[in-house]
Amino acid sequence: MMMPQAMVSKIAIDCILSEGSEGLQGEGCIYALSSSPPSITGPEQLHPGDYVKLRLWLPNDEGSAIQIDLAEVQWVKHQWVKLDLLLTSSKDQARLRQFIAPANQAQPVPHRMWEQIVIRA
């Protein structure tokens, strides 16, 4: 699928997800992809409406990272960034839902909880 040029991300974030948090939360590092090699940057470079790519690492999981091909910045507050996850594979969506599912499977995962993430960068 081709994305419009405005949606092609020049920023990537690597993030390790935190266990036991409400929804998706983690610690991350922001990279500017426009430089070669990519350089580390801070959240002050992000603004609401910007698009980024994400790689999410699950704690205690030796498997591959979850790839988020497109996420939109909702807000930036100091070192915190909130993102809407827009484009990822159904396999990775299932891994995210499983990660945040309560230990008691009788309770459903709240709507959209796996579609947003808050990252401290």
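Bear in mind these aren't lab numbers, they're just calculated from the coordinates by the rules spelled out. Because the structure is a prediction, the values reported are computed rather than measured. FYI the Cβ positions are ideal-geometry reconstructions off the backbone, even for glycines, and counts take in every protein chain you see.
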request  = DSSP loop (so not H, G, I, E, B), at most 13 other Cβ within 10 Å: list which chymotrypsin sites (Phe, Trp or Tyr not before Pro) in the range 53-98 pass both filters.
outcome  = none
query = Short version: ³J(HN,Hα) in whole Hz for each residue of the range 44-59, in order, from phi by Karplus 6.51 cos²θ - 1.76 cosθ + 1.60 (θ = phi - 60°), x for Gly and Pro, what are they?
reply = 5, 7, 9, 9, x, x, 5, 10, 9, 9, 10, 10, 10, 9, 8, x
request  = Give the long-range amide H neighbours of LEU87: residues separated by 5 or more places, or on another chain, with amide H under 5 Å away, using H modelled in the peptide plane at 1.01 Å from N.
outcome  = ASP69, LEU70
key: Ranked GLU72, GLU44, GLU62, GLU27, criterion: other C-beta atoms within 10 Å, fewest first   = GLU62, GLU44, GLU27, GLU72
